[in-house]
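Below is one structure, written out as structure tokens; comments come after it.
Nothing in this text is a laboratory measurement; each read-out follows from the coordinates by a stated rule. Fair warning: this is a prediction, and the values are worked out from it, not measured in the lab. Heads up, the Cβs are rebuilt from the backbone with ideal geometry, glycines too, and the neighbour counts pull from every protein chain shown.
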Amino acid sequence: VPLVGFVDTSFSRDLVTLVELLAQAPGALTLGDAALLAPRLPQWGDRSPFFLCARADALNREGRAPFYADVAFTYVRLTQDRAPARVEMPRWLLDSDLAETVMDLVRAECVVGAGYPYAVETADAVAVLTQQDRQRFYALFQQFVEGQGLSLTMARKAASKLERRT
């Protein structure tokens, strides 16, 4: 099962940097990739071609990013009032002709999620810790610390908040 990255508001400049490099005008453009592509993706579901990540950032220059070549990305229009979202995926999906199927799944998730992948939206909703969850965790943590013979001190601010909210 592939893991696909979804960036709703991307400020990446991979394509902008490429355009600047080709035009021999580094720093000429102040916009990001999504803004550059927005006028070229006018209809819902339109997407850019796939590109491979080849950033010349510090991580790559230090030889610590050989995985960049294994990351494909595209931009897709999912709402009319926002810039296209960036979708990243493993290169093997592109190489095995599964990338468009994955993009159809992302589009479907965004229909259900009103412009944002429903699966991610749902995971976020169920991952939120309530105040009751936090209190239960702190009580268990305090029991553990005391069982280890350690002392636990609470900042006055935290103790005050806990007292006022209970």
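Only residues that are assigned to a loop (DSSP other than H, G, I, E, B) and closer than 22 Å to Thr74 by Cβ: list them for segment 12-32, please.
Hits for segment 12-32 are Ser12, Arg13, Leu29, Leu31, Gly32.
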Unique residue being in contact (Cβ under 8 Å) with a residue 60 or more places away in the chain, β-branched (Val, Ile, Thr) and either surrounded by fewer than 16 Cβ atoms within 10 Å (Cβ to Cβ) or touching a Gly at 6+ places or on another chain (Cβ under 8 Å) (or both) when the list is Thr30, Thr9: Thr9
Return the residues of segment 33-47 that are of a type outside the set (Asp, Glu) and either surrounded by 14 or more Cβ atoms within 10 Å (Cβ to Cβ) or under 21 Å from the mean Cα position of the chain (by Cα) (or both); say none if nothing qualifies. Ala34, Ala35, Leu36, Leu37, Ala38, Leu41, Trp44, Gly45, Arg47
